[in-house]
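The values are calculated or read from the model by the stated rules, or taken from the named source; none is laboratory data. Values in this document were obtained by computation on a predicted structure and should not be read as measured data. Positions of Cβ are backbone-derived with ideal geometry, glycine not excepted, and every protein chain shown enters the neighbour counts. The accessibility values were calculated without ligands, DNA or RNA, using every heavy atom of the protein model including side chains. Shrake-Rupley method; radii C 1.70, N 1.55, O 1.52, S 1.80 Å.
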Amino acid sequence: MKQRLNLSLLAIATSLAFGASAQEFPSKDKTVTIVVPFAAGGPTDRVARDLAEALRKPLGGVSVVIDNTAGAGSSIGSAKVARAAPDGYTLLLNHIGMSTMPALYRKLPFSVPNDFEYLGMVNDVPMTLIARPSMPANNFKELTGWIAQNKGKINLGNAGLGAASHLCGLMFKSALQTEMTDVPYKGTAPAITDLIGGQIDLLCDQTTNTTPQIEAKKVKAYAVTTPKRLSTPALKDLPTLDEAGLKDFNVSIWHGLYAPKGTPAAVITRINEALKLALKDPDFIKKQEGLGAVVVTDKRMEPAEHKKFVLSEIDKWGAVIKTAGTYAD
Ligand code: ASP
């Protein structure tokens, strides 16, 4: 009896504490941290930093900082957030990797459907197929010729199993029915540095990372991965992979914002409202458009829609990965 009473007192105390923190959230003397599960300077990091800036005002001026916890195709940083205190001060920005990890990693230390609160989606980002600046091929046709002549010698970078670059690479190799050596990095920021330096040959990466490099002619670009050409000035002349001959090739990356499971409903609503304002910030929209990304529609900013979408993507990619037979422990 006494023990039961103690437990109920504990439950009341806990709910009062969460209730109070939900009302005060975000407290001015605290910092909201967005964990980016990839290396600094890469495409997910770029989106997170722009978002952090846009979130500051709608979150009442609180400081929003980035924590790059990179590695293993985003599973290390995601695990960190799944284990964090569910108080709204530790969030995760991740991309399509959220839906590929459950099938790819046999020992994933968290459940994507059950260990997170879904706060809303952010954007869709196309990808581009790029090569080292010394690549002799000047268009996609020449590139496929070069690939055919260099079988067994080609290095293709990626940001780890389940990363967008890894998925795109898998699809590219399977469409060409050719093998290449996968070279994993902690994000595509270090991968693109090595591509520019000529240590690897090819990379498929989000436009948020590749656009400035294409503009500065630091890499060679061959195609975009979307069904339609893009309107961003630096990318508008690139053919789609579909029109270049790889029929129905279509990979587009999306980002979403997450909190640990158990975050109070009032805090989730507060962050979602701030997210919606941030995504309507003309400055944020302009930056995204300049990098070839598109901010999601109002409907996709809703947490329930976000979760529904991720669950459908888990099914979609789970089937693709099962067929490909690619796994990691
Ligand atoms: N673009 C990377 C990927 O391949 C991730 C990153 O570095 O943001 O998923």
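Rolling a 1.4 Å probe over the heavy atoms of the protein chains gives the range 24-101 an accessible area of 32 Å² per residue.
Computed on the Cα trace of the range 143-301, the radius of gyration divided by the Kirkwood hydrodynamic radius gives Rg/Rh = 1.02.
Note on the chain: GNM, Cα springs under 10 Å; of LEU92, LEU176, LEU291, the largest mean-square fluctuation is that of LEU176. For the pair the range 308-324 / the range 188-238, the C-alpha centres are spaced 26 Å from each other.
For the chain, return all DSSP H helices satisfying: extent of Cα atoms along own axis at least 24 Å; mean Kyte-Doolittle hydropathy at least -0.5. Result, helices passing both filters: 2-24, 303-324.
Considering only ASN138, ASN209, ASN272, the Gaussian network model of the chain with Cα springs below 10 Å gives its largest mean-square fluctuation to ASN138. What a 1.4 Å probe finds exposed on the chain is 55% carbon and sulfur by accessible area, rounded to a whole percent. Heavy atoms of the protein chains alone define the surface here; on that basis the range 140-203 has 41 Å² accessible area per residue at 1.4 Å probe size. Semi-axis lengths, largest first, of the ellipsoid equivalent to the chain are 39, 21, 16 Å, with √(5λ) applied to each eigenvalue of the Cα gyration tensor. Projecting the Cα positions of VAL295, ALA216, ILE321 onto the charge dipole of the chain (unit charges on Cβ atoms of Lys, Arg, Asp and Glu, taken about the Cα centre) puts ILE321 furthest along the positive direction.
Over all pairs of different C-alpha atoms, the range 218-277 has a mean inverse distance whose reciprocal, the Kirkwood radius, equals 14.8 Å.
For LYS287, the aspartates and glutamates whose Cα comes closer than 16 Å to its Cα, not counting residues fewer than 8 places off in the same chain, are ASP45, ASP50, GLU53, ASP124, GLU215. Cross-link check: pairs LYS276/LYS299; LYS107/LYS308; LYS153/LYS247 evaluated at a Cα-Cα cut-off of 20 Å; pairs beyond the cut-off: LYS107/LYS308; LYS153/LYS247. For the options ALA84, ALA259, ALA164, a Gaussian network treatment of the chain with springs between C-alpha atoms closer than 10 Å singles out ALA84 as fluctuating the most.
Pairs of Cα atoms nearer than 8 Å and 6+ residues apart set the relative contact order; for the chain it is 27 percent.
Taking a quarter of the surface of the Cα convex hull of the range 63-136 gives a mean projected area of 7.5 nm². As a ratio to 2.2 N^0.38 Å, the alpha-carbon radius of gyration for the range 28-183 is 1.23.
Across ARG49, ARG132, the residue with the most accessible area heads the list, and the full order at a 1.4 Å probe is ARG49, ARG132.
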